[in-house]
Each structure stands twice: as C-alpha cells, then as structure tokens.
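Here is the structure we will look at, set down as structure tokens.
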Amino acid sequence: MSGDRGESSAGLTDRLTDTLYGLGWGAVKKLPEPVARALFRTLADQVWKRRGKSVLRLESNLARVVPDASPARLAELSRAGMRSYMRYWMESFRLPTWSPERIKAGIEVKDAHRLIEGLDAGRGVILALPHLANWDLAGAWVTTDVKVPFTTVAERLKPESLYDRFVAYREGLGMEVLPHTGGSAFGTLARRLRDGGLVCLVSDRDLSASGVEVTFFGDTARMPAGPALLAQQTGALLLPVTLGYDETPVMKARVHPAVEVPVSGTRAEKTSVMTQALADAFATGIAEHPEDWHMLQRLWLADLEPRGEQP
C-alpha cells in the first residue's frame, strides 16, 4: 500500500525511468491478461538470469528466511521471487481498469472480521504489512469491498514525476497518500486515527535510520516505530497483515490478531515490544511465502554498509 520498489539514479536515467513507467501504465493495462502475465513472467526470468545486484540481494535475504536451503533451492526461490515481483507490477499497472468485482475476485482475506469489527468500534485501525505480494491490491480491496478510504505513506521516488505518478495511481484507487519526508505525516495519520479512520503502512523496512531494533529470522534488523507509536498515542487497533500468492490467480491475505499496547513500561519499551510483535507476525507470513517477499534491499544490520559508504 506504500513502500519503495527499487532505486532510480539521476538525470537521463530518471527521465527514462519515468517514461518507461508511463508506458507501462498506458500499455500494459490494454493487453489481454494472459498476454500480460506471460510478458511479465518472461521479463522476470530475463532479469533473474542477469544475476544483478537486486537479484543477489534478494537471494541473500532469502538465505536468512530459509537457512537450510541449498544453493539450488535459493536460486529457485529467487527466480520465483522475481516472477512474484513482476506479477506485482503487472497487476498494479492493470488495477485502475479492474472493476470492483474483479478486485474482489482477486483476493481472499482470512479473518477480515478483525478489521471490520475494529472499524465498527470507531477507535481507528492501523494495518501494518511487510513487502509481501501485492499490497496495492489489498488496498484496493479495502476501498472497494470494505468501502473504507484509508491513509498511507509513500517514499519520495526519483524523479519527482515518478513519485507523482504513484500518488495519482494510488489516489485513483481511493487512498490518501502522504510523503514519507517532510515531518507532517505522523500528525496527519494520528488525526485520521483519532477520527476513527484507517491507516495502512508497509512496515518491514526502516527508512528513517531511527527505527526499532528487532530480532528477525534469527538476526537483528531495524523496523519503523510509527505503527506502535500511533497505536499508543491514539488508542487505535494495530493489526498485522500478511499476503501471499499460491498456484491460483487469487492472492491470499490474513489479518493477524491485534498487537496490544503493554500495560507497563516506558514509551520506548512499549514500542520495542510492539514492533517485535509485528516482526514476529511478518516472519510468519514471509516464512509461508518466502518467494513473495519483495525485499531487494539490505535489511539486517549486519548487511548494512558502514556510515559514509554507499550501499
């Protein structure tokens, strides 16, 4: 529903990137769906065969998720991961043309009652997700089937015109999109929650360098404090959500039990406990669908470059 999908360089490359995305949104949605699926599967295989930095990083991350996997199994997982990643893009390019019926048919949500009951109680709800499968489709399901608008946060992409495309695309699906930078997002999110609204945040990768350290697949990673802090400050319900594909065209989603605010401890201690609970829920979904975890960047602290060096 929010989150970054890779990095763009400056200048000509930025303009080219924006042009290619524009062509994608303009052309891919006009293709017959079987043709689009086959095209993006081929693209995924071509990218995977090049063994570039993103593919190698994905494979390294998957090695932590599936520590007993052989090199052949990791290669198989990373290939499936690139196909899942490209499926995300193919579906996202086509989502604006999908009818409410098509959106509903494209996702099956387990324990959706937790979300609906939370909204009916009027206390505000935070949905926190990892980079699994297609969170934009999950967001479209919320706005079209549950019929509730929500607010999310997006990283500012380069070039600015590409970020604007993403904002327009997500707003077209019924989402309010706030920029991650600028400092005002947290206050706006808190106001929406206090008014009984819905906030959706992709929360398995810290973009602020001031996140909370968690144990994640046996090692230390850093995840954003925002969901836990918002729940503490507003009284909103904090619900982890995980997604995944299977052999069918229907994406599976699960709304996990609420992460409760601890009854004692400092704000920092409560935030740490709650963020760890989110990480544990995310790990459950990622372990079930490792090939659908689109983490093509460094995540664990042991993998991060020392300060002053470029990743």
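Under 9 Å by Cβ, and 6 or more places apart or on different chains, what pairs join a residue from region 104-128 that is on the phi > 0 side of the Ramachandran plot with one that is of a type in the set (Val, Ile, Thr)?
That search, which allows pairs on different chains as well, returns Asp111/Val255; Gly124/Val199; Gly124/Thr234.
Just to be sure before I move on: is Thr188 open to solvent by less than 60 Å² (accessible area, probe 1.4 Å), at pLDDT 85 or above, over 14 Å from Trp135 (Cα atoms) and of a type in the set (S, T, N, Q) in the structure I sent? Write out each step before concluding.
Values: open to solvent by less than 60 Å² (accessible area, probe 1.4 Å): yes; at pLDDT 85 or above: yes; over 14 Å from Trp135 (Cα atoms): yes; of a type in the set (S, T, N, Q): yes.
For Thr188, the condition - open to solvent by less than 60 Å² (accessible area, probe 1.4 Å), at pLDDT 85 or above, over 14 Å from Trp135 (Cα atoms) and of a type in the set (S, T, N, Q) - is met.
Looking only at region 209-231, count how many residues are in contact with a strand residue (DSSP E or B) (Cβ under 9 Å, 6 or more places away or on another chain) and over 26 Å from Val66 (Cβ atoms). Even if it seems obvious, please write down each step before you answer.
Filtering region 209-231 for residues in contact with a strand residue (DSSP E or B) (Cβ under 9 Å, 6 or more places away or on another chain) gives 209-217, 219-228, 230-231.
Among the residues that remain, those that are also over 26 Å from Val66 (Cβ atoms) are: 209-210, 225-228, 230-231.
Adding up the residues that qualify gives 8.
Between residues in region 182-207 that are at negative phi and residues that are part of a helix (DSSP H, G or I) and charged (D, E, K, R), which pairs lie under 7 Å by C-beta distance while being six or more apart or on different chains?
What qualifies is Val199/Arg192.
Listed here are the residues, each with its yes/no results for (1) β-branched (Val, Ile, Thr); (2) open to solvent by 60 Å² or more (accessible area, probe 1.4 Å).
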| site | (1), (2) |
| --- | --- |
| Arg192 | no, yes |
| Leu201 | no, no |
| Gly211 | no, no |
| Thr220 | yes, no |
| Ala225 | no, no |
| Met251 | no, no |
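Every residue in region 49-67 that is modelled with pLDDT under 95 and either outside any helix (DSSP H, G or I) or among the β-branched types (Val, Ile, Thr) (or both), please.
Hits for region 49-67 are Arg51, Gly52, Val55.
Any residue in region 22-44 that is of a type in the set (D, E, K, R) sitting within a Cβ distance under 6 Å of a residue that is open to solvent by less than 50 Å² (accessible area, probe 1.4 Å)? List the pairs, counting only those 6 or more apart or interchain.
Listed by first residue and then by second, the contacts come to Lys29/Phe93; Lys29/Arg94.
Residues checked against (1) aromatic (Phe, Trp, Tyr); (2) touching a strand residue (DSSP E or B) at 6+ places or on another chain (Cβ under 7 Å); (3) within 24 Å of Thr151 (Cβ to Cβ):
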| site | (1), (2), (3) |
| --- | --- |
| Arg50 | no, no, no |
| Leu58 | no, no, no |
| Asn61 | no, no, no |
| Arg64 | no, yes, no |
| Pro100 | no, no, yes |
| Ile103 | no, no, yes |
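If you go through region 93-101 one residue at a time, do you hit one that is open to solvent by 30 Å² or more (accessible area, probe 1.4 Å), aromatic (Phe, Trp, Tyr) and in a helix (DSSP H, G or I)?
Within region 93-101, not a single residue is open to solvent by 30 Å² or more (accessible area, probe 1.4 Å), aromatic (Phe, Trp, Tyr) and in a helix (DSSP H, G or I).
Select the strands (runs of 3 or more DSSP E) contained entirely in region 207-311, then report the ones holding at least 3 residues which are in contact with a helix residue (DSSP H, G or I) (Cβ under 8 Å, 6 or more places away or on another chain), at pLDDT 95 or above and farther than 30 Å from Pro34 by Cα.
On the way: elements: 212-216, 219-223, 237-244, 251-255.
Qualifying strands (runs of 3 or more DSSP E): 212-216, 219-223, 237-244.
Any idea which residue in region 78-92 is farthest from Val142 (Cα to Cα), counting only those that are open to solvent by 10 Å² or more (accessible area, probe 1.4 Å) and of a type outside the set (Lys, Arg)? Reasoning before the result, please.
Step one: filter region 78-92 for residues open to solvent by 10 Å² or more (accessible area, probe 1.4 Å), giving 79-80, 83, 85-87, 89.
Pick out the ones that are also of a type outside the set (Lys, Arg) and you get 80, 85-86, 89.
Working: Ala80: 27, Tyr85: 22, Met86: 23, Trp89: 19 Å.
Per the stated criteria, the residue is Ala80.
Does at least one position in region 27-43 carry a residue that is modelled with pLDDT under 95, open to solvent by 40 Å² or more (accessible area, probe 1.4 Å) and under 14 Å from Met295 (Cα atoms)?
Taking every residue of region 27-43 in turn, none turns out to be modelled with pLDDT under 95, open to solvent by 40 Å² or more (accessible area, probe 1.4 Å) and under 14 Å from Met295 (Cα atoms).
Would you please name the residue that is least open to solvent (accessible area, probe 1.4 Å), looking only at residues in region 227-248 that are among the polar types (S, T, N, Q), touching a residue at least 24 places away in the same chain (Cβ under 8 Å) and over 14 Å from Val109 (Cβ atoms)?
Per the stated criteria, the residue is Thr234.
Quick test of your reading of the structure: Lys110 fulfils all but one of (1) more than 16 Å from Val199 (Cβ to Cβ); (2) touching a helix residue (DSSP H, G or I) at 6+ places or on another chain (Cβ under 6 Å). Name the failing condition by number.
The one condition Lys110 does not meet is (2).
In region 290-305, what residues are under 17 Å from Ser203 (Cα atoms), open to solvent by 20 Å² or more (accessible area, probe 1.4 Å) and in contact with a strand residue (DSSP E or B) (Cβ under 7 Å, 6 or more places away or on another chain)?
Answer for region 290-305, where residues must be under 17 Å from Ser203 (Cα atoms), open to solvent by 20 Å² or more (accessible area, probe 1.4 Å) and in contact with a strand residue (DSSP E or B) (Cβ under 7 Å, 6 or more places away or on another chain): just Leu301.
The values are calculated or read from the model by the stated rules, or taken from the named source; none is laboratory data. This is a predicted model, so every value here is computed, not measured. FYI the Cβ positions are ideal-geometry reconstructions off the backbone, even for glycines, and counts take in every protein chain you see. Just so you know, the surface numbers come from the protein's heavy atoms only, side chains and all, with ligands and any DNA or RNA stripped out. Shrake-Rupley method; radii C 1.70, N 1.55, O 1.52, S 1.80 Å.
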